[in-house]
Every structure is written in structure tokens, then in C-alpha cells.
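Remarks on the structure that follows.
The values are calculated or read from the model by the stated rules, or taken from the named source; none is laboratory data. Please read these numbers as outputs of a predicted model, since none were measured by experiment. Backbone-built Cβ (ideal geometry, glycine too); neighbour counts: all protein chains shown. Each accessible area value is taken on the protein alone, full model and side chains, heavy atoms only, with ligands, DNA and RNA left out. Shrake-Rupley method; radii C 1.70, N 1.55, O 1.52, S 1.80 Å.
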Amino acid sequence: MPRWIGFLGSWALLVLALGLASFAVAGEAINIRDLRRLDRVGVIDRMIAERMGDKAGELRETAARKSAQVNALQAKLQTVAQQTEDVPDTGQTIIVSTAENKVYVRQGGRTIFEAVASTGKGTTLAIDGRTLVFDTPIGKLRVVSKEENPQWVPPDWHYVEQARKNGMRVVRLNPGQSIDASTGEPARKADTGVWSWFGGSSGSSRVMRVRGDTVVVDEGGVERELPPGQLIVAGDAVVIPPVDTKQRHFDKVLGRYRLNLGDGYAIHGTQETAKLGQSVSHGCVRLGDEDIARLYETAHVGDAVIIY
């Protein structure tokens, strides 16, 4: 082999080695730059945290909460989709959109009814160790019955909610019991001793009690029936009357028509027409007078009701 060929081969190997070394140095330089960038990002994060204080944590919590809400909504929609897969589009279906606060009726693939509604407000109320959520149920239900001129029998939570709004307490009036109509405390029996001869009775002068299917106030032996369908107040207390009394039944609150969906939920009319289009109910779906009348005529017992 000529000597010059060997020299060229040695030179080529030297050039190749230098090239590999330069790549290694460049790679190391890139790694060093990346580390320095990460250090600068960390410094910037610490500066932001120091300047914003608790606000940075609040922003992170808000972002996490919004993300959780989005995930919950996606899960809810997925559940509804699974529950409604077997509902044919050829029959009549009542559809409630809680996001839009609207009610639709689909018949034979066409929308034949559309109206603005009010749905559940989503608030909570803690009573006796339980937490009630006032939300419209999501999923597939059915019209189980139709009712004209329905009466509203308020659950206990209605009285608790009203009392808390006004900074009052709640007392329950049961059959066979009496309460002082002026204070809401248990009624005291009048003195029957010698002091009663001089008008010194220390008993309750106005006594509230249940008489048959109604609530009365006894004032010195004269009984007066309280008006039906009105909140009863005794002193600083809201009184919960028995379910089977007239005072526990409210007329016209639910409008002229109601479609019962089961478990206490329904589509019905409302006196609060100014709030239609808002999420303000305790779980039921509210419609205006004309709309609930049209829906009542259109709907049949057994119709599917899809709420999402």
C-alpha cells in the first residue's frame, strides 16, 4: 500500500473522531441549556407565587373545580346517552333540556312542541343529617299520571327552607298536641288553684291545636280555623302542620295541570312565570299556563320523558 493512502486513512479517522466529539459537545450544550431554561421557569413560577400570594392557589383551585364540573357533565351526558339508546324516534317523546331550560315533544321524528321552562336550581339543604339536592333528575322517566287542578302538599323541607330564609326556627304540630300561638312553645295549662279565682291564670291564652282535618287557634274557649294553604307562624317559629290537614294543601301553586313523573317529580304550571327560562325550581319542571295546557293535551300516560 502506498504511504500516502495510509496517511489519508489516518486523516479521515481523525476528522470522524472530531465530528463525533463536536456532536457530543453540542448535545451536552443543549442539555445544559434545557436545564437552565427549567431553572428559569422554576424561578418565574416562584416569583409569580410570591407576588400573587393566595391568588395563585385560588386560580389553581378554580381551574380544578371547573375541570371537575366539565368531567361530571360529560359523564352525565354519557349516562343519558346509554339510558336513551332504546328510545325510538318514531314514537312520542317529551324531552327536557336542563341546560336550555326548555321542553320539547318529538313525534314521528318531528318536533311538535317547544316551550321555555324552569328546572332545578341545584342548591342543597341539610336537614337532620341528610343533604337534599334540589336538582331535576337526569335520565329516562315516564309520565305515570295526569292531573287537573293539582294541590301542592309541601314536604317538610319547604318549611325548613322558609324558616332559615327568615332567621326563624321550626316547630312541628302533631295531633293531640298544643302549642302557644304567640310564642311557638308548648302550651301550658291554665292554673286551677286559688290564683285562678283572681284572674291570675298563667296558662297560654292563645293555643294552637289540630281539630280533625284542620288547625285551629283557641282564644279563651273560642276556636278559629286558620286559612288553608298558608304558612303558619307562631312567634319566631314556622309551624309544620300534619300532612292530612287543610293547612298543608296549597291551591294554584302548581297551575292547572300536572304530569307526574314519579318520586315526587313532575312537569306542571307555575305562579312564578317571570322566572321561566331560569334554573330556580326544587327539581320539578315548570311551564307557563298556556304551554302546560298544550302539553297536557298532547301528552299521554306512558310517554317517555328524556331529561338531560
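Would you please list the contacts, defined by Cβ atoms under 9 Å and residues six or more apart or on different chains, that run from a residue in the range 263-275 that is at negative phi and in contact (Cβ under 8 Å) with a residue 12 or more places away in the chain to a residue that is part of a helix (DSSP H, G or I) and of a type in the set (Gly, Ala, Ser)?
Final answer for the pair search is Gly269/Ala293.
So Asp251 fits all but one of (1) buried (at least 18 other Cβ atoms within 10 Å of the Cβ); (2) within 30 Å of Thr183 (Cα to Cα); what number is the exception?
The single condition Asp251 does not satisfy is (1).
Quickly run through the range 223-257 and pick out the residues that are within 27 Å of Arg172 (Cβ to Cβ) and assigned to a strand (DSSP E or B).
The answer is Glu223, Arg224, Glu225, Ile232, Val233, Ala234, Ala237, Val238, Val239, Ile240, Phe250.
Can you pull out the residues in the range 128-148 that are of a type outside the set (D, E, K, R), over 18 Å from Gly269 (Cα atoms) and loosely packed, with under 15 Cβ neighbours inside 10 Å?
Gly129, Thr131, Val133, Gly139
I'm trying to understand the selection: among the residues of the range 214-232, which are more than 27 Å from the chain's Cα centre (by Cα), closer than 18 Å to Asp156 by Cα and open to solvent by 20 Å² or more (accessible area, probe 1.4 Å)? First the steps, then the outcome.
First pass over the range 214-232, keeping only residues more than 27 Å from the chain's Cα centre (by Cα): 214-228.
Those left that are additionally closer than 18 Å to Asp156 by Cα: 214-215, 228.
Scanning the range 214-232 gives a single hit, Pro228.
Which of the strands (runs of 3 or more DSSP E) found entirely inside the range 100-166 contain at least 3 residues meeting this: farther than 22 Å from Ser279 by Cα and not β-branched (Val, Ile, Thr)? It would help to see each step written out before you state the result.
Values: elements: 102-107, 110-120, 123-127, 130-134, 139-142, 145-148.
Qualifying strands (runs of 3 or more DSSP E): 145-148.
Could you tell me which residue of the range 267-294 is nearest to the chain's Cα centre (by Cα), considering only residues that are buried (at least 22 other Cβ atoms within 10 Å of the Cβ) and of a type in the set (A, V, I, L, M)?
Step by step, filter the range 267-294, then rank; the result is Val285.
Could you tell me how many of the residues in the range 234-248 are more than 16 Å from Trp157 (Cα to Cα) and open to solvent by 10 Å² or more (accessible area, probe 1.4 Å)?
Selection size over the range 234-248: 4.
Name the single residue, out of those in the range 152-194 being open to solvent by less than 80 Å² (accessible area, probe 1.4 Å) and of a type in the set (Val, Ile, Thr), that is modelled with the lowest pLDDT.
Val194
Out of Ala293, Ala274, which single residue is over 14 Å from Asn149 (Cα atoms) and part of a helix (DSSP H, G or I)?
Result: Ala274 is the single residue among Ala293, Ala274 that is over 14 Å from Asn149 (Cα atoms) and part of a helix (DSSP H, G or I).
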